[in-house]
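Just below is one structure, and these are the notes that go with it.
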Amino acid sequence: MRRTTEVEDLLRLHAPQVLGALVRRYGHFDPAEDAVQEALLAAARQWPEQGVPDNPRGWLIRVASRRLVDRLRSDDARRAREEAAAALTPRDAFTTPPPDEPVPGGGGRAPSDDDTLTLLFLCCHPELAPAPQIALTLRAVGGLTTAEIARAHLVPEATMAQRISRAKRKIRGAAFVQPGPADRDSRLTAVLQVLYLIFNEGYTATSGRALHRAELAREAIRLTRSVRRLLPRDGAVTGLLALMLLTDARSAARTGPHGELIPLDEQDRTRWDRSAVAEGLALVEEALAEGPAGPYQVQAAIAALHDEAPRAEDTDWPQILALYDVLVRLAPEPMAELGRAVAVAMVHGPQAGLTEVDALADRLAGHHRLDAVRAHLLERAGDTAGARAAYHAAAAGTLSIPEARYLRKRADRLGG
């Protein structure tokens, strides 16, 4: 089971790099994605039994390239494409370089770095509306399933599947090149939102047995660093990287020895990654100095206040509430307002927080996080029966096994 999980993490890490390599080499985004999926399935069957190859990315590129070439050759109605595909049969130098091998003329970086970044900006093509941009990029670059993307956007899975299909059709034939400065700026908002969502899915998986999908979170951080190399003076990019580092720094303390969830106020803060915290704090200062603060800079500042507190009871909740007031003005979306409700409760008491939660009931109806926050505040307010019912409702609403276990444990602790 452990080997299978390690293989799944490895495949998720390499999938966008392999897709980027194929699209760069052949074009044909949709068939390339299908070929990559076939290569991933082949690896998922073979690697747990036969072992992971020395160069997993090269193996995946080689297998996916063969599948794609076979598919292009089988299209008898389009002989020109067959000839082009035959001429583009991958060279060994293209298909099999180790991940960290410098590329001649490539500035010392393996092609996967530039390929994945180019793929990221391609999926955020300006001809696409923001919602399809984000959905397609989460699928192609983040490797999230359609169901996971749908849950992140609070829409039905069928709706999200249609959105992704339409987006792929619309960018068919688009050049696989990094956009120029003006075009890049027009795509940046979607790029950053995608990276933010990929990180969130990695930090707290919406489904499955693991609370934390570390490879996904690390890939989001790596890609955000790459974007920052392109735009070193952009406050939003710097703020997002700071937010990721300050949040991910707590990863080691978020789970117990059996994978159980440990909430922020109960974590052993000596286990936090202090080097990541230090880098994140420095980046927050830099981001706030680079111009008017946007949502990522404000969220990073909130994370910084949490990470700077030696103990949970030392947290500067009044300052956090003030920052949430700014955040919901900049980005009035339900999850930000739910975070503000918690801050209101910490400053003004649980009943004040419950009033804020009730105001979100229609917009977050059926979402387990709303029930979880309500349960916590009801418990603090002394409403044991109400808290127990809300904890059970939250546990029933999440697809994350560690979260469900934690919520049921909280309910059981209240008796009844």
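The values are calculated or read from the model by the stated rules, or taken from the named source; none is laboratory data. These figures come from a predicted structure and were not determined experimentally. Because the Cβ atoms are built from the backbone with ideal geometry, glycine has one as well, and the counts that use them run over all protein chains shown. All accessible areas refer to the heavy atoms of the entire protein, side chains included, with ligands and DNA or RNA removed. Shrake-Rupley method; radii C 1.70, N 1.55, O 1.52, S 1.80 Å.
Annotations
- Counting only protein chain heavy atoms and rolling a 1.4 Å probe, the accessible areas of VAL52, VAL177, VAL141 rank, largest first, as VAL177, VAL52, VAL141.
- Area of LYS168 that stays accessible when all protein chains are in place (1.4 Å probe, Å², to 10): 30
- Global form of the stretch 271-416, assessed from the alpha-carbon gyration tensor, a/c cut-off 1.5: prolate
- Residue with peak Gaussian network fluctuation, the chain [Cα springs, cutoff 10 Å], from MET160, MET335, MET244: MET335
- The amide H of ARG254, built 1.01 Å from its N in the peptide plane, has no neighbour under 5 Å, considering only residues 5 or more places off or on other chains.
- Ligands, DNA and RNA are left out, and with a 1.4 angstrom probe the accessible area of the stretch 211-324 is 43 Å² per residue.
- Taking every DSSP helix (H) stretch of at least 4 residues in the chain, weighting each as -39,500 (n - 2.57) and dividing the sum by the residue count yields a mean residue ellipticity at 222 nm of -22500 deg cm²/dmol.
- Built amide H within the under 5 Å cut-off of LEU399, gap 5+: none
- Per-residue Karplus couplings for the stretch 350-364, computed as 6.51 cos²θ - 1.76 cosθ + 1.60 with θ equal to phi - 60°, are listed in order as x, 5, 5, x, 5, 4, 5, 5, 4, 5, 9, 4, 5, 6, 10 Hz, Gly and Pro entered as x.
- Distance histogram in 10 Å bins (all Cα pairs of the stretch 201-298, percent per bin): 16, 42, 31, 10, 0
- Comparing Cα centroids, the stretch 131-163 and the stretch 257-329 end up 28 angstrom apart.
- In terms of accessible area, using a 1.4 Å probe and ignoring ligands and nucleic acids, HIS392, HIS367 rank largest first as HIS392, HIS367.
- Solvent-accessible area, 1.4 Å probe, carbon plus sulfur percent, for the stretch 292-366: 55
- Dividing the radius of gyration of the alpha carbons in the stretch 161-210 by their Kirkwood radius gives 1.09 for Rg/Rh.
- Debye, to nearest 20: dipole size of the stretch 214-333, +1 on Lys, Arg Cβ, -1 on Asp, Glu Cβ: 460
- Exposure ranking of GLU215, GLU308, GLU33, GLU279 by accessible area [1.4 Å probe, largest first]: GLU308, GLU279, GLU215, GLU33
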